[in-house]
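The next block holds one structure in the form of structure tokens; read it before the comments.
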């Protein structure tokens, strides 16, 4: 798959067949099979490889290399072939052959080198050493003589002892020249590279280990087919040795595995400026979809170009330009035609592409010094969430209110029982005093008939509700089964539905029959009672009262029995709720990637002075509340209540007793005051990705963390086609922050977004690994601005220091100027 701006590489390849290698103990005369070599080139082209290296073992076939380069040209393949050798680096020639150790290393050199002389030099090394291997001294001499890249094996070929771990002393020697010669590591997967870093750490210095972590890692075909590479390596640059050389200098940000590459859907590819009499010179500027840095002296037109880009993309000027937030550049664009093209060569119109303009970092840092930590966490979307905690409090409140309500119901039921018993005892006394009423007929309707009637009616209502719910549930499940084409399960469900509804209807019919029979029985007994009552009326008033008293005793006794049953059930179901501290702590949610919470402490003791804060919806002077004074501990009153502890069973009961005594219910008695009720320490991820107590950070440290993360937070809503524009993000910032934080942040952002910045800081340009550098220059003619823009190549630099010096010369005027700034602010060691 073609990836724009990326080059698919295989930098360790043996061409010409197995006989073309000068193997360690092979005494045969090697030969090079050009047909096999050409076939391998064909396979590389088919597999989409664009940058190859010819690296036969311990020998460089100059004539064969030239022939392959010519073959690539004839076939018009989009492939660049780099000359090189795979060397056996011997640890000590004085040792006996059986005791020697060898590290495999790929040596790549510029095609512009004297390749015939290089071939001779390699032969001479083998001849002098008397074996197909070279020493560290030989390697150093070759590296100083030719512009080259060194690629030692990491854990590759560990089984044969040709890896860096088995030869850690030799590997350490090679790393010693890392400041002079670009070095990459060959390992075929990320896991192999990670294993190397873990195991090699004990053998090399901290400084070398830190360099190793930032160095590039590659995978290659070696002697295998190109299809065997499971994790291909790409360089972020064009297919050339010079591009590879610069990528090796920069390190892992320029050399990526296929899975690490994020494809951007739309971005600025080029800008065409046509001078029609204005101050901007004509130019055709290319842009990378990664990081683009606009550099130049003060007044050179850096911000002018950035503003022009934003204007074309959004229709509005920069909001956070360093020079002035309300600068009007319109007069500078007069008599100039500007066209912005995307990666499909379409002209970009305003609002076609999302644009994020970064704010002035220095101003933001100064502003955050006055922020409280809660505000910072909120801005970062990292404030702890108490949603689940509120749910637990809601359950507690519901259960507490039910407990209080049931207690009040029991209390009221006992009051009703007292009244009922009074009526029963009065009726019994009357009957005792009127034991015999002549001529009367005694007939009492059994009160259980009425109770049975009520039970049957309730059962019918419940069955009817079950039928309705069953139909809804089966319909819902059937719909899901149809959605997922589970025909057999639908048949089974239909059968279960039929059986259940049949059972419910049979129960309904049975209850209806019982209701009819019960009603008939009640009607007959009521009729008989009416007839007896009419007869007794003819006898006298005393007989009537006697019969009524007997009926009262019967009915109210049944009521007493039912009420006692109800009270017994309520008392059995009474449940005093308490809060669970461990459950509350687990309920507090947080963004584990940004913060961690530790050392939780629950404030379990609530004093009298705090009750209106925690129970403000139920206690206070407002309407429909219990007065606070009812909970007062003064004079020994409510002495056992305090401190109120909602985690203790007895304390909760004592607290609820007051609500019961007042007959007061409320479904939201307790209110969570999270900051006061639940205390904890907040640990925030610092710039080293380690968690640190937020309270231990200075305002400046916290501000830097805030700035670093805030950019990510604001960009989350944007897609990969967003363009980030930033005018001098390094302005007024200390060098350490630029190097360790800002440069690293820009290097990360460019992988997902197109980034365009202006800067006068060479360290930022290099340490953030700018993929594209544009130089702005203003050379006034007769007092009139004459602004020119051009793309700047960095392929001619030898190392990072040289790259910084080149940028410094275009910004500061000299290397001494950047040294002076470093002396004042600190930073890169030059």
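Every read-out reported here was derived from the displayed coordinates using simple, explicitly stated rules and does not represent laboratory data. As the structure is a computational prediction, the values presented were derived from the model and not from experiment. Cβ sites come from the backbone with ideal geometry, for glycine too, and all protein chains shown count toward neighbours.
Quick check: the distance between the Cα centres of segment 165-195 and segment 211-273, to the nearest angstrom? Computed from Cα coordinates, the inter-centre distance equals 18 Å.
Working note: Debye formula, equal point scatterers on the alpha-carbon atoms of segment 6-260, no solvent; log10 I(q)/I(0) at q = 0.09, 0.14, 0.17 Å⁻¹ is -0.35, -0.91, -1.40.
Highest-first packing order for the peptide set 109-119, 88-98 is 109-119, 88-98, based on the mean count of other beta carbon atoms within 10 Å.
As a calculated quantity, the FRET efficiency between residue 679 and residue 328 at R0 = 60 Å, using C-beta atoms, amounts to about 0.70. The overall shape of segment 623-669 is oblate: from the C-alpha gyration tensor, with semi-axes ordered a ≥ b ≥ c, the ratio a/c is 1.5 or greater and a/b is no larger than b/c. Distance between the C-alpha centres of segment 286-336 and segment 6-61: 49 Å, rounded to the whole angstrom. Shown here: Rg/Rh (Cα atoms, Kirkwood Rh), derived from the displayed model; of the candidates (1) 0.99; (2) 1.23; (3) 1.10, it corresponds to (2). Every Cα-Cα pair in segment 1-150 was counted, and those over 23 Å apart are 37% of them. Rounded to two decimals, the Cα-based Rg/Rh of segment 456-508, with Kirkwood Rh, is 1.10.
Going by neighbour counts of Cβ atoms within 10 Å, the residues 630, 344 line up, fewest first, as 344, 630. Compared with the dominant principal axis of the Cα atoms in the chain, helix 743-752 is inclined by about 80°. The order of the peptides 289-299, 222-232, 163-173, 685-695 by mean Cβ neighbours within 10 Å, most packed first, is 289-299, 163-173, 222-232, 685-695.
Counting only alpha carbon atoms, the long axis of helix 34-46 and the longest principal axis of the chain meet at about 40°.
Packing here is the average count of other Cβ atoms within 10 Å per residue, and on that basis the peptides 623-629, 786-792, highest first, run 786-792, 623-629.
Put the Cα centre of segment 77-106 next to the Cα centre of segment 625-680 and the gap is 81 Å.
Using R0 = 56 Å, the C-beta based FRET efficiency linking residue 414 and residue 489 works out to 0.55. Rounded to the nearest 10 degrees, what's the angle between the helix 62-75 long axis and the longest principal axis of the chain, both from Cα atoms, 0 to 90? Once rounded, one gets 60 degrees. For segment 2-53, count all C-alpha to C-alpha pairs, find those more than 13 Å apart, and express that count as a whole percent of the total. Summing the P(r) of segment 2-53 above 13 Å gives 64 percent of all pairs.
The simple Förster model, with R0 at 60 Å and r as the Cβ-Cβ distance, assigns residue 458 and residue 47 a FRET efficiency of 0.15. Bridge orientation summary for segment 6-260: considering DSSP beta bridges with both residues in this region, about 55 percent are antiparallel.
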